[in-house]
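Any read-out appearing in this document is the output of simple, stated calculations on the displayed coordinates, not a laboratory observation. Keep in mind that what you see is a predicted model, and the values were worked out from it rather than measured. Counting neighbours? That spans all protein chains shown, and the Cβs are built from the backbone with ideal geometry, glycine included.
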Amino acid sequence: MPFFDFHTHHSQGFQSIYNLSEHESNIQGGYFSAGIHPWNLTKNWEVAFEKIQEISENPNCLAVGETGFDRIWGPDISLQKKAFHAHAQLAYRLQIPLILHLVKGHDLLIEYLKTEVRVPRIIWHGYNLKSHLAKQTLDFPVYFSFGKVLTQADSNAAQWLQECPKDRIFLESDDSDLRIDSIYREASLILQLSEEELSQQLIKNWNHLSSRKIS
Ligand SMILES: [Zn+2]
């Protein structure tokens, strides 16, 4: 059985969530996610977002995103905030998770969590910060997805994976050329769980948090 890949830019398949690239709407039957990455936001983002809203009605659209905050590569923060809120409302309405891209914007996430009433389930993808920053979000519906950085010795990601509640974990290949199997192997060593147990846990995690289930 193939392992569930929460977030990939590479392949469409029935055990992975393929992130549609910008202007891509040709869905070939697998699971996917749709959103406007902070790097791709322009002044006309609302027009592009209408298209995202349409695509997200497809039951194979399992998540909204990537969206989030990026103080290094993203445009003006006020623009990023508007776009993030629109994506978050969409995810909340559909009761599917949001894929969070976060670079030097931890404070913006905390501000959002503390002020917004209708917070969707948020999966923080490519997590690789210190554990205490993740812990600050545990009172909220925030989940964590870990990728290829787990293969590096003593990463922050590996540290947090060890401490993180098991029902908050996902794994992803993202845009790396590592196969998802290698990431499961690393994670299973860190967690002292078999790859099979881990796989079942992550599918259970997904089906618990989303209105759109995977089988
Ligand atoms: Zn990605």
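Observations
- Considering only Cα atoms, the convex hull volume of segment 95-135 works out to 73 Å³ per residue.
- Placing a pseudo-label 7 Å from each Cα along the Cα-to-Cβ vector at residue 81 and residue 140 gives an inter-label distance of 1.4 nm.
- Estimated 222 nm signal from helices in the chain, with DSSP H stretches of n ≥ 4 weighted -39500 (n - 2.57), rounded to 500: -11000 deg cm²/dmol
- Segment 113-178 - convex hull of alpha carbons, volume per residue in Å³: 88
- P(r) tail fraction, segment 1-78 - alpha-carbon pairs more than 16 Å apart, %: 51
- Rounded to the nearest 20 debye, the dipole magnitude of segment 57-201 is 520 debye, with +1 charges on Lys and Arg beta carbons, -1 on Asp and Glu beta carbons, and the Cα centre as origin.
- As computed over segment 56-121, the Cα convex hull volume per residue (Å³): 79
- Cα point-scatterer Debye curve for the chain, base-10 log of I(q)/I(0) at q = 0.09, 0.12, 0.13, 0.17 Å⁻¹: -0.31, -0.57, -0.68, -1.22
- Positive-end residue, the chain charge dipole about Cα centroid, Cβ charges, pick of 48, 183, 132: 132
- Residues of type lysines that residue 148 reaches as a straight line, Cα spacing below 18 Å, ignoring anything fewer than 8 places off in the same chain: 130
- Simple rule: put +1 on each Lys or Arg Cβ and -1 on each Asp or Glu Cβ in segment 5-209, find the dipole, and look at 162, 115, 8; the Cα lying farthest toward the positive end is 115.
- Note on segment 145-209 and segment 4-71: Cα centroid distance 22 Å, given to the nearest whole angstrom.
- Cβ-Cβ FRET estimate between residue 181 and residue 42, R0 fixed at 41 Å, reported to 0.05: 0.65
- Calculated diffusion of segment 128-215, Stokes-Einstein form, Kirkwood radius summed over Cα pairs, 25 °C and 0.890 mPa s, µm²/s: 183
- For the chain, modelled as a GNM whose springs connect Cα atoms under 10 angstrom apart, the maximal fluctuation among 112, 127, 31 occurs at 112.
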